Amino acid sequence: MEKELSKLDDSVEFLTKEKESLNFSLGETYSEEYIEKVAREDLGMQKPGEKVVVIKKEAAAGESQSNNFNLLQKLSEWFNSIKDRFIKPE
C-alpha cells in the first residue's frame with residue numbers, strides 16, 4: 001500500500017505542476033505580446049503604416065533551369081507559329 005500511495009503522491013505532484021504550467025500558458029495567451037504575435041505571424045496583419053513583405057523561396061537550380069528551358073521552348077514555338085502565318089515560303 002505504501003508503494004501505491006507513493007505513486008499516487010508522485011502523480012499528484014506531477015499533475016499539480018502540469019496544471020500550473022497550463023495556467024501560466026493560458027495567462028500568456030491573453031497578453032498583448034502574444035495576441036500581436038498571432039495577429040502578425042498567423043493572420044498576416046500589420047499595424048497602420050507598416051507594409052508586409054513576403055520573400056518567396058527560390059526554386060532549386062535544376063528546377064529553375066528546367067522552367068527556363070520550357071519557357072524558351074514555348075516562345076520558340078510561338079514565334080514559329082507567327083512566322084508560318086505571316087511569312088510565306090519562297
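None of the figures in this text is laboratory data; all of them are computed from the coordinates on show. If you're wondering where the values come from, they're calculated on a predicted model, not measured in any experiment. Quick reminder, even Gly has a Cβ in these numbers, built from the backbone with ideal geometry, and neighbours come from all protein chains shown.
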Cross-link reach from residue 74 to lysines, straight Cα distance under 16 Å and at least 8 residues apart if same chain, gives 83
Any lysines whose Cα falls less than 28 Å from that of residue 37, other than same-chain ones fewer than 8 residues away, would be 17, 19, 47, 51, 56, 57
Env charge @ residue 33, Cβ radius under 13 Å, K,R +1 / D,E -1, value -2
